[in-house]
Amino acid sequence: MRRIASPHELRDFPGLLTRRQLQIAQHVVAGHTARYIARELCLSPRTVETHIENMRHKLGCANRTELVVCFLQADMHRSSRAGQS
């Protein structure tokens, strides 16, 4: 299973995503299901799905896969900038 991205890694989206959405994003990047995320965060699976949909719309992603790619690219971009310092 993929590792969970830290909130620090997802900081390229300040003010755009809520704290809860960032928590859920960590799990989405790790490949966790809505049911698993819901259990971990004491939410209903439907609430998790709603958060995922809201994040998709905020970030302009067509589906969950694009959302993961968006988060991973943001992390790669941030990592490459850090390596240039």
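The values are calculated or read from the model by the stated rules, or taken from the named source; none is laboratory data. These numbers come from a predicted model, not from an experiment. For neighbour counting, all protein chains shown are included, and Cβ atoms are generated from backbone atoms with ideal geometry for every residue, glycine included.
Scanning segment 29-46 for residues that are outside any helix (DSSP H, G or I) and farther than 19 Å from Asn63 by Cα turns up Cys42, Leu43, Ser44.
Ser6 meets the conditions (1) among the hydroxyl-bearing types (Ser, Thr, Tyr); (2) outside any helix (DSSP H, G or I); (3) modelled with pLDDT of 85 or more in every case but one. The failed one is (3). Pairing each residue of segment 43-59 that is more than 16 Å from Arg19 (Cα to Cα) with any residue that is of a type in the set (A, V, I, L, M, F, W, C), provided the two are 6+ apart or on different chains, yields C-beta distances under 9 Å for Ser44/Ala38; Pro45/Ala34; Pro45/Ile37; Pro45/Ala38; Arg46/Ala34; Arg46/Ala38. Within segment 47-67, the residues that satisfy the criterion of being at pLDDT below 95, touching a Lys or Arg at 6+ places or on another chain (Cβ under 9 Å) and part of a helix (DSSP H, G or I) are Arg56, Arg64, Glu66, Leu67.
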